[in-house]
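Comments concern the structure below.
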Amino acid sequence: LTLHHIVSDGWSTGVLVQEVGALYSAFVRGEASPLAPLPVQYADYAHWQRSWLTDEVLDTHVDYWKQQLSDAPALLTLPLDRPRPAVQGHRGATLEFAVDEQTTTALNALARREQGTLFMTLAAAFSVLLSRYSGQNDICIGTPIANRQHPEVEPLIGFFANTLVMRTRVAAHESFEALLRRARETTLGMYAHQDVPFELLVERLQPQRSLGYSPLFQVMLILQNTPLEELSLPGLSLRPLGQTDQDGGGRAAKFDLTLDIAERDQRLFATFEYDIDLFDGT
């Protein structure tokens, strides 16, 4: 099966794998499909979104983002290994690392103590790191969100995911706990206004545009929490394959830098995806 990203997201992959597994197991036994009929389809969601996200409702959400991102820096000036090309080539590579169990446990404990989440804690820490390397104290990070707020859409295959922009102001004089508390409030505000499609947000905000970098943010943080359980099928073994670009020549990089993190077995497993036109691997 080959699916274009325009019609499915990461959550959909878990749904697809589980449904194909259920069908395969049933069909090899000569049984009928065990899948229950869906109460709604993606087209129903799309129709609902178009009818709901209009006029006053849309303006309220857009006004939040206008205020949140007002006068935000157009570019995060990380130190580069070579000059930024006039046009992004999107050629990427990755660097993997892991965070030990003790540190992972401490991060989760800190998040609970401040009534936050692991994502909020990682976003605050990543903002500090980016601030130190860039010399800027106003940091904008992109982050994807599943955007499945209603239980009826959880079993659907489609593109529900959206991209949010998390803006953090890092002050040298404040404690990390204070920064984390502000990150918590920022995150909750983002989630409350997550329905505005990123493309529409760019259109409304009209930020400074360049072919050399993405608008509103150039660095992304992803904490993987999409449901993708291991699957065991009769006579088959399955494993995930790494991402490559379409011609098989290597990995694509959508942004300057992406930090992708997943928590497994009480440890954090992370991957930096970077643009090789900007950064060396070592």
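The values are calculated or read from the model by the stated rules, or taken from the named source; none is laboratory data. Everything numeric in this text was worked out from a predicted model, so none of it was measured. Note that we place each Cβ from the backbone using ideal geometry, even for glycine, and neighbour counts take in every protein chain shown. Calculation scope for accessible area: heavy atoms of the full protein, side chains included, ligands and nucleic acids excluded. Shrake-Rupley method; radii C 1.70, N 1.55, O 1.52, S 1.80 Å.
Provide the net charge surrounding PRO155, with neighbours chosen by a C-beta distance below 10 Å and charges set as Lys +1, Arg +1, Asp -1, Glu -1. Can you show the working numbers first?
Numbers: positive: ARG148; negative: GLU19, GLU152, GLU154.
For residues surrounding PRO155, the net value is -2.
If you put +1 on each Lys and Arg Cβ and -1 on each Asp and Glu Cβ, how big is the dipole of segment 94-147 around its Cα centre, in Debye rounded to 20? Don't skip to the answer; put the middle values down first.
On the way: 3 positive and 5 negative charges, 33 e Å.
For this selection, approximately 160 debye.
Mean separation of Cα pairs under 8 Å and 6 or more residues apart, divided by the residue count, gives the chain a relative contact order of 31 percent. Equivalent-ellipsoid semi-axes for segment 98-236 (Cα gyration tensor, √(5λ), whole Å, largest first): 27, 24, 15. Rounded to the nearest Hz, the phi-derived 3J(HN,Hα) couplings of segment 31-47 under the Karplus curve 6.51 cos²θ - 1.76 cosθ + 1.60 (θ = phi - 60°) are 9, 6, 4, x, 7, 6, x, 7, x, 9, 10, 4, 4, 5, 5, 4, 5, where x marks glycine and proline.
Would you kindly state how much longer the chain becomes between ARG113 and ALA171 on full extension, computed as 0.36 nm times their sequence separation minus their alpha carbon distance, in nm to one decimal? Display every interim value, and only then the final one.
On the way: separation 58, 0.36 × 58 = 20.88 nm, distance 2.15 nm.
Contour length minus the Cα-Cα distance gives 18.7 nm.
Principal axis extents of the Cα atoms in segment 39-105, from largest to smallest and rounded to whole angstrom, are 47, 37, 28. Across segment 194-203, computed HN-Hα scalar couplings (Karplus, 6.51 cos²θ - 1.76 cosθ + 1.60, θ = phi - 60°) run 7, 7, 6, x, 4, 4, 5, 4, 4, 4 Hz from first to last residue, x flagging Gly and Pro. With a cut-off of 15 Å on the backbone N, the residues of segment 103-141 near the modelled label site 7 Å out from GLU185 along Cα-Cβ are 115-116.
Counting Lys +1, Arg +1, Asp -1, Glu -1, what net charge surrounds VAL57 among other residues with beta carbon under 12 Å of its beta carbon?
Numbers: positive: ARG50; negative: ASP55, GLU56, ASP59, ASP63, ASP195.
With Lys, Arg at +1 and Asp, Glu at -1, the neighbours total -4.
Max-minus-min Cα coordinates of segment 1-126 on each principal axis give 60, 48, 43 Å, with the largest extent listed first. Residue ranking by accessible heavy-atom surface, 1.4 Å probe, largest first, among LEU107, LEU130 comes out as LEU107, LEU130. If you line up the long axis of helix 55-68 against the longest principal axis of the chain, both from Cα atoms, how many degrees apart are they, to the nearest 10? That works out to roughly 50 degrees.
Inverting the pair-averaged 1/r between distinct Cα atoms of segment 135-176 gives 13.0 Å as its Kirkwood hydrodynamic radius. The calculated pair-distance distribution of segment 153-210 uses every alpha carbon pair, bins of 5 angstrom beginning at 0, and gives 4, 14, 18, 17, 16, 14, 11, 4, 2, 0 percent.
If you keep only loop residues by DSSP, which GluC sites (Glu not before Pro) in segment 145-244 have at most 15 other Cβ atoms within 10 Å of their Cβ? In loop regions of segment 145-244 (DSSP not H, G, I, E or B), the sparsely surrounded GluC sites (Glu not before Pro) are GLU174, GLU229, GLU230. Residues whose amide H comes within less than 5 Å of that of ASP138, counting only those at least five positions distant or on another chain, are VAL170 (H built at 1.01 Å from N in the peptide plane).
I need the calculated FRET efficiency for the pair ARG132 and LEU38, taking r as the beta carbon distance and R₀ as 45 Å, to the nearest 0.05. It would help to have the intermediate numbers written out before the result.
Numbers: r = 48 Å, r/R0 = 1.07.
Result of the calculation: an efficiency of 0.40.
Using the alpha-carbon atoms, what tilt in degrees (0 to 90, nearest 10) does helix 176-192 show relative to the longest principal axis of the chain? Tilt relative to the chain: about 50 degrees.
Here the chain yields Rg over Rh of 0.98, to two decimals, using C-alpha coordinates and the Kirkwood radius.
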